[in-house]
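The values are calculated or read from the model by the stated rules, or taken from the named source; none is laboratory data. Not measured: the values here are computed from a predicted model. Glycine gets a Cβ as well: all are built from the backbone with ideal geometry, and neighbour counts include every protein chain shown. Just so you know, the surface numbers come from the protein's heavy atoms only, side chains and all, with ligands and any DNA or RNA stripped out. Shrake-Rupley method; radii C 1.70, N 1.55, O 1.52, S 1.80 Å.
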Amino acid sequence: MLIKTGSNGFQHVFSSDITPVSVYQNRRELMRLMATGMAGAAMASWAARDALAQSVTVRPGKLAALAGAKSNVAGAITMEKTTDYKDASSYNNFYEFGTDKADPAQNAHTLKTTPWTVEVEGLVKKPAKYTLEDLLKLSAQEERVYRLRCVEGWSMVIPWVGYSLSELIKKVEPASNAKFVEFVSLADPKTMPFVGSRVLEWPYVEGLRLDEAMNPLTLLSFGMYGEVLPNQSGAPVRLVVPWKYGFKSGKSLVKIRFTDKEPKTAWNKAAANEYGFYSNVNPNVDHPRWSQATERRIGEEGGLFAKKRKTLMFNGYEAQVGQMYAGLDLKKNF
Ligand SMILES: Nc1nc2c(c(=O)[nH]1)N[C@H]1C(S)=C(S)[C@@H](COP(=O)(O)O)O[C@H]1N2
Ligand SMILES: [Mo]
C-alpha cells in the first residue's frame, strides 16, 4: 500500500503494521490514519487476503529431489508450529507482482520458471552459468524449518527445502579480494507487471558479506513444505537468510555476483535511513517509523487481532550467527 510523498515519491505504509490495537493505543496514529483514509483500507485488505488464503488449492507438487532428510545444520529446525501452507503462499512480498500481500499469489502465475539459469560471476575463480537442473544436483537437499521475520512486523515459520549457499560458493572458489555477494532477481517486464513501477529500482538486488553468505544457515532454497516453490514464494530458486529481515532473502534469482564493495541494495537505495545493509533482526533497533520489538505470527488465531509476540535478537539465531558481528555497532550498522 503506497501513498505519494516519500523521498522517491512514495511513502510505504504497511497494512500489517496498522493493527486496530496500535490504532486505539496511539491516538495520534489513529488521527493520522483517519486523515489519510488508511484505517479502513488496512482492514479491507486484510479481509480480502484472508478470503484468498481460503481459496489456494492448486499446489506446485513434489519434486523428487526434495524428498530429503531433515537438516543437520545446527539451529536449522525450530519446534514452533509451522505456518499453514495457505497462509505462507498467499501472504507475500514480491513487489515485481504488486505491493499488496495478496498480489503475488494472484499475479505470479505469469512467471516463467523453465528454462532457468543462474549466472555466478565477479570475483571468483570459476564463474559459471548454472541451469536450474545443475543447481538442483549440486548438493543434497534438506528441509529446514526457519522463521521468516519481515521488517513490517509479521513472521511465519516455514519448512524450506534446499542446501547451504556455501556449497555453491565453494564450487566457484571466491577470489581472495571477494568480500561481498550480490543477489540479483529476475526483472522481466513482460511477465512481472510491476517491474518498471517507481516503488523500487529494478532489478531487485540484495547483498551479504561473504562470511554471512558462507554461514551454514544461509539457504539456497528450491522448495517449501516438501514441494517446489510456488511462483509467489520466489520460484524456482531464492535465498532464505533466517536471522535477517525478510527483504534480504531475494526471490527468483538470476545472478550471484562476488564483489569487493558493499552492494547497493534495492531497499537501501529506496530509503537508506530505514533499510540498512545489515538488516539483522534486532528488537532493540526501531525502524524510524515503528517499533521492531514485537511481531505478529501470520495465521495465528485472531487474525489481525492476534496477540503479538516478542521479536528475538537475530530472529532467535544468535547462537549460530552472533559471533559474526562481534565488535560491530549494531545500532549504526542496522
Ligand atoms: N525479488 C524480490 N525478492 C523479495 C521481495 C521482493 O519484493 N522482490 N520481497 C522481500 C521481502 S520484503 C520479504 S518479507 C520476503 C517475503 O518472502 P515470502 O513472501 O516468501 O514470505 O521476500 C523478500 N524477497
Ligand atoms: Mo519484508
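If you go through the stretch 201-228 and keep only what is at pLDDT 95 or above, open to solvent by 10 Å² or more (accessible area, probe 1.4 Å) and farther than 11 Å from Leu253 by Cβ, you end up with Glu201, Trp202, Arg209, Leu210, Asp211, Met214, Asn215, Pro216.
Let's see how each residue does on (1) within 16 Å of ligand 1 (Cβ to nearest atom); (2) assigned to a loop (DSSP other than H, G, I, E, B); (3) of a type outside the set (D, E, K, R):
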position	(1), (2), (3)
Leu135	no, no, yes
Arg147	yes, no, no
Ile158	yes, no, yes
Phe183	yes, no, yes
Ala187	yes, yes, yes
Val199	yes, yes, yes
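Could you count how many residues in the stretch 231-288 are within 14 Å of ligand 2 (Cβ to nearest atom) and of a type in the set (D, E, K, R)? Count: 5.
Of all residues in the stretch 167-177, none are touching a Pro at 6+ places or on another chain (Cβ under 6 Å) and within 21 Å of Val240 (Cβ to Cβ). For Gly303, the test of being surrounded by fewer than 16 Cβ atoms within 10 Å (Cβ to Cβ) and among the small types (Gly, Ala, Ser) is passed. Would you be able to say whether some residue in the stretch 279-287 is in a loop (DSSP other than H, G, I, E, B), of a type in the set (A, V, I, L, M, F, W, C), surrounded by fewer than 23 Cβ atoms within 10 Å (Cβ to Cβ) and free of Cβ contacts under 8 Å to residues at least 60 places away in the same chain? Yes, the stretch 279-287 contains at least one residue that is in a loop (DSSP other than H, G, I, E, B), of a type in the set (A, V, I, L, M, F, W, C), surrounded by fewer than 23 Cβ atoms within 10 Å (Cβ to Cβ) and free of Cβ contacts under 8 Å to residues at least 60 places away in the same chain.
Can you tell me which residue within the stretch 88-117, out of those that are within 15 Å of ligand 2 (Cβ to nearest atom) and assigned to a helix (DSSP H, G or I), is most open to solvent (accessible area, probe 1.4 Å)? That would be Asp103.
Among the residues of the stretch 230-262, the ones that are out of contact with any Ser or Thr (no Cβ under 6 Å at 6 or more places or on another chain), more than 8 Å from ligand 1 (Cβ to nearest atom) and either open to solvent by 10 Å² or more (accessible area, probe 1.4 Å) or acidic (Asp, Glu) (or both) come to 8 in all. Of the residues screened, Val281 is not one that is β-branched (Val, Ile, Thr), touching a Leu at 6+ places or on another chain (Cβ under 7 Å) and modelled with pLDDT of 95 or more.
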